[in-house]
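Right, one structure below, let's go through it.
The values are calculated or read from the model by the stated rules, or taken from the named source; none is laboratory data. It should be emphasised that the depicted structure is a prediction, and the values quoted were computed from it without experimental measurement. Heads up: the accessible areas ignore ligands, DNA and RNA and are worked out on the full protein's heavy atoms, side chains in. Shrake-Rupley method; radii C 1.70, N 1.55, O 1.52, S 1.80 Å.
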Amino acid sequence: MPNIQLQFRRDSSANWSLFNPVLASGEMGIELDFYPYLFKIGNGTTPWNALPYGGFTGPTGPAGGGGGGGGSGDTGATGYTGYTGPTGPQGVPGSAVNTGATGYTGYTGYTGPTGSTGVTGTTGPTGSTGATGATGQTGSTGQTGATGWTGSTGPTGPQGVPGSAVNTGATGYTGYTGPTGPTGTTGFTGVTGPTGRTGPTGITGPTGQTGPSGPTGFGDTGPTGPAGSGGGGTLAVLKVPIAVTNFNFSTAVATGFPSGWTYVVGGADASSFSLTISGYSATNIPVFVMTGYIVTGAVGTPTWTNVQRQFGVQTGTAALQSVVNNGVNTITFTNITKASNFPATQNDTNGYALYIFFQILN
């Protein structure tokens, strides 16, 4: 016999009061705050908070006799506990000294049966049968059956009339040929030949049509990336060693500049440098893009920090400034200060602390 377990609805007193459900007729709800537990039984219409508590309560003891000026009479002993019914009316108070004993708590009901197992899902469709292989070779012919019995010889014809000594009588008729004997039994069937090899796989069917494209996703367009290498223009670099206060532009090395662009050797501890240019005018000023790296980190373990944000500001002292003169033949770069704008800490293994890259576009 299976072990059947029943469980009633249960919760804390606070949650019962908060949600205040309506229990079905005969449905039990249990409060779990203190043991022995309190419970209520629903009637299908009354909310939890208005239902009385159930329990096994004995009949009310008789009222104590009233004294004149004295105390109340003793309360009668509590009767045996009965099945819980609705709460009765409040009995007449007995003596304040002796209270009747509390009735016994009822037994916990059996746990309800376990629910039945859900319906098994339908079996998926059977896959298609593969192609039948080629028919195997025909087995060898069985042995020939034994030759049937030879029929009996027919009766000899009558003797011809004896002729003269000169002429012999005609030969008698040949007897009839006896019937053919029965055919022998058929020989055993030969062994079936081996199954032939499976034929080649058929041609793959054409690819189905491409499904429609999904909707375009939401979101802002990302920032435009930097120009790729070889994307146009000339790439040049100015490599500058570190100095005590700023940078040593007297030993800086310029490479990759196009014809007409010349680095003007600067100071040994300076914050500015110049380039001379040719072939430009007020209607054809030079167009170029700049970026840079400084060498930072502990001695022996240098790192290269990008200082792109320090380029392009034309006024103020927050970053490098570049000015083209009135004749459009000199560009001066100023405010390259190590203390704030370009805080390099050391030279790398190549002997430079500041790398300034130019992409010259015209």
Which of Met28, Met290 is most accessible, then next, and so on - probe 1.4 Å = Met28, Met290
key: Exposure of Leu18 as accessible area (Å², to 10), given a probe of 1.4 Å and all protein chains   = 120
ask   = Using modelled backbone amide H atoms (1.01 Å from N, in-plane), which distant-in-sequence or interchain residues come within less than 5 Å of Phe288's amide H?
value = Leu361
request  = Output ³J(HN,Hα) for segment 38-51: one whole-Hz value per residue in order, computed from phi by the Karplus curve 6.51 cos²θ - 1.76 cosθ + 1.60 with θ = phi - 60°, and x for Gly and Pro.
outcome  = 8, 8, 9, 10, x, 10, x, 9, 8, x, 3, 5, 9, 7
